[in-house]
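*Asks:* To start, I am sharing the structure in question, which I have written as structure tokens.
The values are calculated or read from the model by the stated rules, or taken from the named source; none is laboratory data. Keep in mind the model is a prediction, meaning the values are calculated, not measured. Here Cβ is always computed from backbone atoms with ideal geometry, including for glycine, and neighbour counts include all displayed protein chains.
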Amino acid sequence: MDTKAPENRFLKEAESVQKKKEEEIKKKMEEDSEPFVKGKMFFKIIAARNLLNLDTFGASDPFVQVTFDFCKDSFSTPVITDSLDPKWDFVME
């Protein structure tokens with residue numbers, strides 16, 4: 001005597017729909033991530049003016065820090081010592 005439960009066609013259909021949704025989501029994620037992989041970004045940080053002097057002795061030592069949340073990457077400009085009007089002309093690729 002066969003004690004195997006009959007196949008539930010609704011369960012199979014639901015699994016098929018779920019699998020299709022997962023494949024669509026995976027494909028969409030791959031498409032969305034392509035610009036970050038293929039593209040390049042260029043930054044030019046030129047200067048700052050009239051910064052507040054927050055140092056006790058001498059002028060401030062400013063720098064710029066840029067952080068990207070989407071790729072967990074960051075970069076900083078060099079520190080310009082004793083300047084409230086720093087000029088970097090810093091380029092990052």
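*Asks:* If you take the residues of region 55-93 that are in a loop (DSSP other than H, G, I, E, B) and within 16 Å of the chain's Cα centre (by Cα), which of them is nearest to K40 (Cα to Cα)? Spell out the reasoning first.
*Replies:* Looking only at region 55-93, we keep the residues that are in a loop (DSSP other than H, G, I, E, B), and these are 55-64, 69-72, 77-86, 93.
Those still in the list that are within 16 Å of the chain's Cα centre (by Cα) too: 69-72, 93.
Values: D69: 16, F70: 14, C71: 13, K72: 16, E93: 7 Å.
The residue in question is E93.
*Asks:* Something else: Among the residues of region 16-39, is any modelled with pLDDT under 80, in a loop (DSSP other than H, G, I, E, B) and of a type in the set (D, E)?
*Replies:* Keep residues of region 16-39 that are modelled with pLDDT under 80, which gives 28-39.
Now drop any that are not in a loop (DSSP other than H, G, I, E, B), which leaves 39.
Next cut, of a type in the set (D, E) only: none.
No, there is no match, as no residue in region 16-39 is modelled with pLDDT under 80, in a loop (DSSP other than H, G, I, E, B) and of a type in the set (D, E).
*Asks:* Let me ask another. So, of the residues in region 61-78 that are surrounded by 11 or more Cβ atoms within 10 Å (Cβ to Cβ) and closer than 16 Å to M92 by Cα, which turns out to be modelled with the lowest pLDDT? Show your work before the answer.
*Replies:* Residues of region 61-78 surrounded by 11 or more Cβ atoms within 10 Å (Cβ to Cβ): 61-64, 66, 68, 75-77.
The next check asks that each one be closer than 16 Å to M92 by Cα; those that pass are 63-64, 66, 68, 75-77.
Details: F63: 92, V64: 92, V66: 89, F68: 82, F75: 89, S76: 90, T77: 91.
Step by step, filter region 61-78, then rank; the result is F68.
*Asks:* Same structure, new question: Please verify whether G58 is on the phi > 0 side of the Ramachandran plot and modelled with pLDDT under 85, treating the condition exactly as stated.
*Replies:* yes
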